[in-house]
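Everything below concerns the one structure shown next.
The values are calculated or read from the model by the stated rules, or taken from the named source; none is laboratory data. The structure displayed is predicted, hence computed values, not measured ones. Please note: Cβ atoms are built from the backbone with ideal geometry, for glycine as well, and neighbour counts cover all protein chains shown. Calculation scope for accessible area: heavy atoms of the full protein, side chains included, ligands and nucleic acids excluded. Shrake-Rupley method; radii C 1.70, N 1.55, O 1.52, S 1.80 Å.
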Amino acid sequence: MKRRTGQDRTITDTWRPATRAIRGGTVRSEFGETSEAIFVTSGYAYDCAGDAAARFAGEQEGMTYSRLQNPTVEMLEHRIALLEGAEACRTMASGMAAMTAVLLSQLQAGDHVVAGRAAFGSCRWLVDNLLPKFGIATTVVDARDPQQFIDAVRPETKVFFFETPANPTMDVVDLRAVCTIARERGITSVVDNAFATPALQRPMEFGADVTAYSATKMMDGQGRVLAGAVCGTKDFIDNTLLPFTRNTGPTLSPFNAWVVLKGLETLDLRIRRQSENALKVGAFLEGRVARILHPGLPSHPQHELAMSQMEASGPIFAFEVEGGRAMAHGLLDALQLIDISNNIGDSRSLMTHPASTTHASVTPEKREEMGIGEGMLRLNVGLEDPADLIDDLDQALRTIGL
Ligand SMILES: *Cc1c(COP(=O)(O)O)cnc(C)c1O
C-alpha cells in the first residue's frame, strides 16, 4: 500500500464534502492506480506464524479474513463515514442486513423499541414480527408527532427506530426533537436515512446516535447492486455492532463495495438534479391527481420542517389517483417511458403501486394505519429530461381518463 489518501483523518477532516465523495477512503496499491482496486480475496497470507498470532490477538494491524476486513470494503466504509460526519461505518450485504444487525446487535429479550409506523415494508416486518419473536417488545407510533415517542417510552425502552422521509407516505420526522427525547432518556436513536443520504440530510447533526442505509438506493444510484451501511460512534461500531456482524456474516462483497464507491463519486450531483426533476414532475402532477405527498412542495403539511433538515427534497414522492387499485394499475400499464419497478434511487424513473408490491406483505389494516391507500403510487424521478417524464405521465393520465 503506497499512498493512504483518505485514511489520515488529519487530512480528510479538512476536506469539504465534494472532495470526500471522490477521494475519501482511497488506499492505493504499489501500482498507484487512480480508481480504487477491487480486492477479490477471501483470505490473507502472513509473513510468519508470529504475525498471524499477533494479528489474531489484535496486536498487529492488518487483515485476517474477508468476513472481517477487506481493502475495497474498508475504502467504502471510510468514505461513507466521512460523508456522514460519523466516527465509524460498517457496510453490509444489503440495507435489510444493516437494519437487522443494527437492531439485533444492541437488543435482548425484555427490551423495548419505539418505531415509526410509516416504514419500508421489511423494516416494519422486523418491528412487528422478528423482534417480538425474540422477546423484544415494540410499539409503533405516528413519528410525525414527537409527543408520541414520549408517551410510548417505558423503563426498558432501548431504541427509537424511524426513517425520514418515510417510505412511501413521505412522513417527515422532526430529527432534533425526537433525537433529543431519546438522548435525554439514554435511548439510542437509529435513523434509516436511505431516502435522503448524507448528501441531503445528516441526522447526526440533529443528535441521532446511529444512521443506517440501504446503499442499494441513491448511493449506488444506478440500480446495480445491493448494499447496506451503519454509521455511529467508534465505540458503538466496534463494541456493539461488530461482535454481531463478525460472527453472523452479513458481509458486503468487494465488487459490490466498489460499485458503491463509484456511485458515491456522483451522489451529490445526481441527488440534487433528481430532486430538481422531482419538483418539476411533482408540480405538474399536483394539478392532475387527487393528492400528492412531496416534502419539497409547499402543499406538504411538513414542508417547512423537511426543508429545515434537508438540503433538497430528494427524488421520491407519492401521489394518489381516485379509483383505487384499478386506476393505479391502469396508470402504470399506460406508461411508455417510466418503468414499472419497485426500486428507488435509480437514475431511471421508476413507479410502483406500494399496496400490491413493496407493502403487499403488510396487512390491509396496517397499510391503512400507515396511510398507504389502494390508489397510492410511488414515483422515483430519475435523471431523464423532466419534460419527457411529464409528457409520459400526461399521456398515461389521459389514457385512464384523468
Ligand atoms: C430499500 C430500503 C431498505 C432495504 O434495503 P435493501 O438494500 O433493499 O435491503 C430499507 N429502508 C428503506 C427506507 C429502503 O428504501
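Highest-first packing order for the peptide set 196-202, 116-122, 167-173, 248-254 is 167-173, 196-202, 116-122, 248-254, based on the mean count of other beta carbon atoms within 10 Å. Phi-derived couplings, Karplus 6.51 cos²θ - 1.76 cosθ + 1.60 at θ = phi - 60°, listed residue by residue for the range 107-124: 10, 8, 3, x, 6, 9, 10, 10, 10, x, 6, 7, 7, 3, x, 6, 5, 4 Hz, with x used for Gly and Pro. Diffusion coefficient (Stokes-Einstein, Kirkwood radius over C-alpha pairs, 20 °C, 1.002 mPa s) for the chain: 98 µm²/s, rounded to a whole number. Let me make sure I get this right: for the range 227-277, a, b and c are the square roots of the gyration tensor eigenvalues over alpha carbons, sorted descending. Under 1.5 in a/c it's rounded, otherwise prolate if a/b > b/c, else oblate. Which is it? Note, shape of the range 227-277 comes out prolate.
For the chain, hydrophobic long helices are taken as DSSP H runs at least 15 Å long by C-alpha position along their axis with mean Kyte-Doolittle hydropathy of 0.5 or more; these are 254-265.
Indicate, rounded to the nearest 5 percent, the antiparallel portion of the DSSP beta bridges found entirely in the chain.
Details: 21 of 40 bridges.
Among the beta bridges of the chain, antiparallel pairing accounts for roughly 50 percent.
When a 1.4 Å probe is rolled over the protein heavy atoms, the share of accessible surface on the range 268-399 that falls to carbon and sulfur comes to 50 percent. Comparing T216, T138, T41 in a Gaussian network model of the chain, where Cα atoms under 10 Å apart are tied by springs, the biggest mean-square fluctuation is seen for T41. Peptides 105-113, 290-298 ranked from most to least packed give 290-298, 105-113, packing being the mean of other C-beta atoms within 10 angstrom over each peptide's residues. Protein heavy-atom accessible surface, 1.4 Å probe, per residue over the chain: 41 Å².
Surface composition of the range 137-256: carbon and sulfur make up 49 percent of the accessible area, probe 1.4 Å. Averaging Cα coordinates gives a centre for the range 272-316 and one for the range 125-139; these two points are 33 Å apart.
Between the C-alpha center of the range 145-216 and that of the range 23-70 there is a gap of 35 Å.
In this view, the solvent-accessible surface of E286, computed with a 1.4 Å probe and all protein chains in place, comes to about 70 Å².
Measuring against 23 Å, Cα to Cα, the residue pairs K158/K217; K158/K234; K217/K280; K280/K366; K133/K158 contain K158/K217; K280/K366 as the ones spanning a longer distance.
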